[in-house]
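Asker: The following block contains the structure, expressed as structure tokens.
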Amino acid sequence: MTSIAIAAAALILCYAGVIKSLAETWATSSMYSYGFAMVLISGYMLWVNADRLRNLTPATDYVLGIPVVLFGIAMLEVGRLGLLMSLQEVSLLVTLAGFVLLMFGRETFAYTWFPLGYLILGIPVWDHLIASLQPLSQDLSARIATVLLRAGGIPILREGTNLVLPNVTLEVLRECSGVNQLLAIIAMALPAAFLWLRSYTRRATLVGLAILVAYLSNGVRIALVGVLAYRGLSDGNLRGMHLFEGLAVSVGGYLVLLGILSVLSRGERGGDQTRATKTTDSRRLSRHPSIEFGTSLVVLVIGALPLLFQPVIVQLSGDLGSFPSRIGTWTLDTVAPPKADKFPAIDDELLGAYPTPEGAHHFPALDDELVRTYRDQTGQRLHLYIGYHRSQREGKELAGDVGRLLNLAATPLSVPFGTGDVELRQVQLNGANRTRGLLYCYIIDGRVLSDLYSSKRYMVWNALTRRRTNGAVVMVAWETDSSAEAPRTQMKAAEFTQAILPLLPKFIPS
């Protein structure tokens, strides 16, 4: 018990900040708000197997447990150096799994691996998957709603993800795609399959049908809003709460899933008896408390190292205020024209992000900033932003919320630089009366980087070798009222960015 208490203390001290970050994410993010429920469900799965776990004789597994623990704590340190909170959160599960193996052995792990692994659904590492699913889900939900409305005798035309009724048009936006509901229903289906089904075929069937129910129920919700709008009882705004419709459809979806589970679980309960009488492994190693204590001590020491790590504060090489007022054919516009929307904050629409109260995202707590507007002979304006961190830490980093959103929304763009090409990233939004875009890159240790994760890797390397976490972001925003002029304006923005890149080393240290 002493070894277990020491291990628990080491985990709490190392991961207190990570657990706090997870709780804040679950409390504030609509996408991961089911996280608290997942902790309770995971605890329930362990409680269901409590009798079996008590009947097992703990059998230490140092051979597998120690490497897994050390790998998990190494993930934690890399995540701290690279300011990758998601990696730190995943490392919590890895380190927990390692300690289960270390203290109790593989037989206990056989009953606990799923409740532990299940928690990864609550860790915010699914942004890329969600972003890739949303367009397909929008289209599928719109198709399902169209079929249902036509079946109900309501005239409707579908234009992509717009549902045109005689008196209103329903727009199936990203937040109406049903992906959130898909994640939530899968988070319910997986533990149900684990607890009440033994056949892998039936488990897979339940999860597959849960996905189908999620999309069908979202299509029903959209169709219900369409029916109400057609009859003049709703404004047809799918972004609105529509709390009653959404709640009723969600409850109906879960009831359908419960019925499917009831059918699939017939004859399954008896199948667990073989697991309950499973024999223990006779090849059990002798317990050595000193090994367990030493491993916990290593975890504690490594976990405390970041408290001693103080990155060097790296000042700019030159004052950003002296940045050239003339760059090629572009001159500083001193008339103070309107900037591209909320630039240098980046609005939700351009990022394709869920609506936020502020309506925009920005790089937080930068130490040095430059915001300028340049103009060429034709009157075309470009907006330049340079933001610099003398050192980075959690909540004060280039690759925070806005960095992740940009990485999801942007596409690569190569421009000539020096003897080769350099890759930038671009985001563009085409509107009926206006097209606008954003080019950006990061500067880490003199390197021009467009990819979020490449900049993270270089920052981790600099932190390890030079104790430096400084870095900069460079953004160029443009807009035009003519969609026909968009390619030309985009080309001008790329040429302008290409022209300023050689100037940056005079200001941003390498």
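Asker: With the condition kept exactly as written, say whether any residue in the stretch 59-75 is part of a loop (DSSP other than H, G, I, E, B) and within 23 Å of V213 (Cα to Cα).
Answerer: No, the conditions are met nowhere in the stretch 59-75.
Asker: May I ask you to say which residue of R266, R283 is modelled with pLDDT of 70 or more, surrounded by fewer than 11 Cβ atoms within 10 Å (Cβ to Cβ) and assigned to a loop (DSSP other than H, G, I, E, B)?
Answerer: R266
Asker: Regarding the stretch 125-139, can at least one residue be identified that is crowded, with 17+ Cβ neighbours inside 10 Å, modelled with pLDDT of 85 or more and either among the hydrophobic types (A, V, I, L, M, F, W, C) or not in a helix (DSSP H, G or I) (or both)?
Answerer: No, the conditions are met nowhere in the stretch 125-139.
Asker: Are any of the residues in the stretch 459-468 of a type in the set (V, I, T), part of a helix (DSSP H, G or I) and over 18 Å from L350 (Cβ atoms)? Spell out how you get there, then give the answer.
Answerer: Going residue by residue through the stretch 459-468, those that are of a type in the set (V, I, T) are 460, 465.
Filter once more, keeping what is part of a helix (DSSP H, G or I): 460, 465.
Checking the rest, the ones that are also over 18 Å from L350 (Cβ atoms) come to 460, 465.
Scanning the stretch 459-468 turns up at least one residue that is of a type in the set (V, I, T), part of a helix (DSSP H, G or I) and over 18 Å from L350 (Cβ atoms).
Okay, residues lined up against (1) of a type in the set (D, E, K, R); (2) under 25 Å from the mean Cα position of the chain (by Cα); (3) crowded, with 22+ Cβ neighbours inside 10 Å:
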| residue | (1), (2), (3) |
| --- | --- |
| W47 | no, no, no |
| D51 | yes, no, no |
| Y62 | no, no, no |
| I66 | no, no, no |
| L101 | no, no, yes |
| R106 | yes, no, no |
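Asker: Determine if the stretch 195-211 includes at least one residue that is out of contact with any strand residue (DSSP E or B) (no Cβ under 7 Å at 6 or more places or on another chain), modelled with pLDDT of 85 or more and within 25 Å of R150 (Cβ to Cβ).
Answerer: yes
Asker: Sticking with this one: Residues in the stretch 142-154: is at least one assigned to a loop (DSSP other than H, G, I, E, B) and without any contact (Cβ under 8 Å) to a residue 12 or more places away in the chain?
Answerer: Within the stretch 142-154 (the criterion being assigned to a loop (DSSP other than H, G, I, E, B) and without any contact (Cβ under 8 Å) to a residue 12 or more places away in the chain), the answer is yes, since at least one residue qualifies.
Asker: Among (1) within 30 Å of A410 (Cβ to Cβ); (2) at pLDDT below 75; (3) not aliphatic (A, V, I, L, M), which single condition is G359 missing?
Answerer: Every condition holds for G359 apart from (2).
Asker: State yes or no: is S33 assigned to a loop (DSSP other than H, G, I, E, B) and either within 30 Å of the chain's Cα centre (by Cα) or at pLDDT below 85 (or both)?
Answerer: On the way: assigned to a loop (DSSP other than H, G, I, E, B): yes; either within 30 Å of the chain's Cα centre (by Cα) or at pLDDT below 85 (or both): yes.
Criteria met by S33.
The values are calculated or read from the model by the stated rules, or taken from the named source; none is laboratory data. What you see is a predicted model, and the numbers here were worked out from it, not measured in a lab. Please note: Cβ atoms are built from the backbone with ideal geometry, for glycine as well, and neighbour counts cover all protein chains shown.
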